[in-house]
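Engineer: Handing you a structure now.
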Amino acid sequence: MPSYYFPGLNKLAREDTIWLENEEFHHLKVTKRRQQEPILLNSGAGFLARAELLSITSRAACLKILETTEVQPPEHPFAIAFSLLKNRHDELLVEKCTELGATKFFPMQTQYSVRQGGSNTVERFARLALAAVKQCDNPWLPGVNPVLNLEEALREIDRQGFTPVLCSERRDGVWIWQAGLDSSARPCFLIGPEGGWGEAEYGLFTGLRSITLGSLITRAETAAIAAAAQWVAYANQAKTMGTT
């Protein structure tokens, strides 16, 4: 079932009561929850809780905690670094990659980016990520990095412990399972703009792993979703087969 965001679930115990307010209360009203119906709460930091609706006022809902569950961090974390896209296609990218388990986003300004980041760009991506974790009951809310240029982003990706992996439009034939990654690699998939990478930008990729995502050229948001899905499948298969 869709969940409601409530930070601090780690401090609550069975039978505790809480008040759901503001945007989450509005969400609850829109979904027309009834008293004594089960409600799922999501901390965004590794905790889920089942709760019961006790009462509702014009501004808040009173809930009783039935049980809390701690969920371990993702076993195979990955990040997506992407150029800002036109027509807000990057919103779809953030939403779907969050549903697939992305743990970090690095929005970038690149040579062929078609738009500039605005004052609310990061906040907008963060709101989309929050809506996605609530929808898919993912208790780990991904972080969204400030918009950086490509060179700065590569340094930040490394600083945060991710391995940059170039998703190449040049189709060099190296698939994700051939790229020398193991399930503990913490990859950050680099997704270029619709116009591709510039030649000077390719110079920054020297020494990086490079993979192909398919036999056809895709839109940037499709490439990001494909990279996320392929990594989830590969990392989990590698663990199951005992090959890493």
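Engineer: Under the rule a/c < 1.5 gives rounded, and otherwise a/b versus b/c splits prolate from oblate, where does region 109-244 land using the Cα gyration tensor?
Structural biologist: Oblate, since a/c reaches 1.5 and b/c is not below a/b.
Engineer: So, one more: Starting at 0 and stepping by 5 Å, how many percent of the alpha carbon pairs of region 126-192 end up in each bin?
Structural biologist: Histogramming region 126-192 at 5 Å steps yields 3, 13, 19, 18, 20, 18, 7, 1 percent.
Engineer: Please list, in order along region 200-216, the HN-Hα scalar couplings obtained from phi with the Karplus expression 6.51 cos²θ - 1.76 cosθ + 1.60 (θ = phi - 60°), rounded to whole Hz, x for Gly and Pro.
Structural biologist: 5, 5, 4, x, 6, 8, 4, x, 7, 5, 9, 10, 9, 10, x, 8, 10
Engineer: With the other protein chains left in place, how much accessible area per residue, in square angstrom, belongs to the chain at a 1.4 angstrom probe?
Structural biologist: For the chain, the solvent-accessible area averages 51 Å² per residue.
Engineer: What size of dipole, in debye to the nearest 20, comes out for the chain about its Cα centre when the only charges are +1 on Lys and Arg C-beta atoms and -1 on Asp and Glu C-beta atoms?
Structural biologist: On the way: 25 positive and 27 negative charges, 93 e Å.
Charge dipole, the chain, about its Cα centre: 440 debye, nearest 20.
Engineer: List the residues, sorted by chain then number, that are 5 or more residues from Cys188 or on another chain and whose placed amide H is less than 5 Å from its amide H.
Structural biologist: Ala79, Thr163, Val165
Engineer: Could you give the length gained by full extension between Asn236 and Ser119, i.e. 0.36 nm per residue of separation minus their alpha carbon distance, to one decimal place?
Structural biologist: 38.3 nm
Engineer: On C-alpha positions alone, give me the angle between the axis of helix 89-99 and the longest principal axis of the chain, in degrees, nearest 10.
Structural biologist: 60
Engineer: Using a 1.4 Å probe over the heavy atoms of the protein chains, calculate the carbon and sulfur portion of the accessible area of region 1-106 as a whole percent.
Structural biologist: 47
Engineer: Just to verify a number: FRET efficiency for Lys86 and Cys136, C-beta to C-beta distance, R0 = 22 Å, to 0.05?
Structural biologist: Numbers: r = 26 Å, r/R0 = 1.20.
E between Lys86 and Cys136, to the nearest 0.05, is 0.25.
Engineer: Compute the angle between helix 121-136 and the longest alpha-carbon principal axis of the chain, please, reported from 0 to 90 degrees and rounded to the nearest 10.
Structural biologist: 60
Engineer: Let me ask something else. Calculate how large, on average over all directions, the projected area of the Cα convex hull of region 1-149 is; give the answer in nm² to one decimal.
Structural biologist: In nm², the orientation-averaged hull projection of region 1-149 is 9.6.
Engineer: Right, here's the next one. Quick check: residue separation of Glu75 and Glu151 times 0.36 nm, minus the Cα distance between them. What number comes out in nm?
Structural biologist: So the extension gain works out to 24.5 nm.
The values are calculated or read from the model by the stated rules, or taken from the named source; none is laboratory data. Source: prediction; values computed, not measured. Ideal geometry is used to build each Cβ from the backbone, glycine not excepted, and the neighbour counts take in all protein chains shown. Heads up: the accessible areas ignore ligands, DNA and RNA and are worked out on the full protein's heavy atoms, side chains in. Shrake-Rupley method; radii C 1.70, N 1.55, O 1.52, S 1.80 Å.
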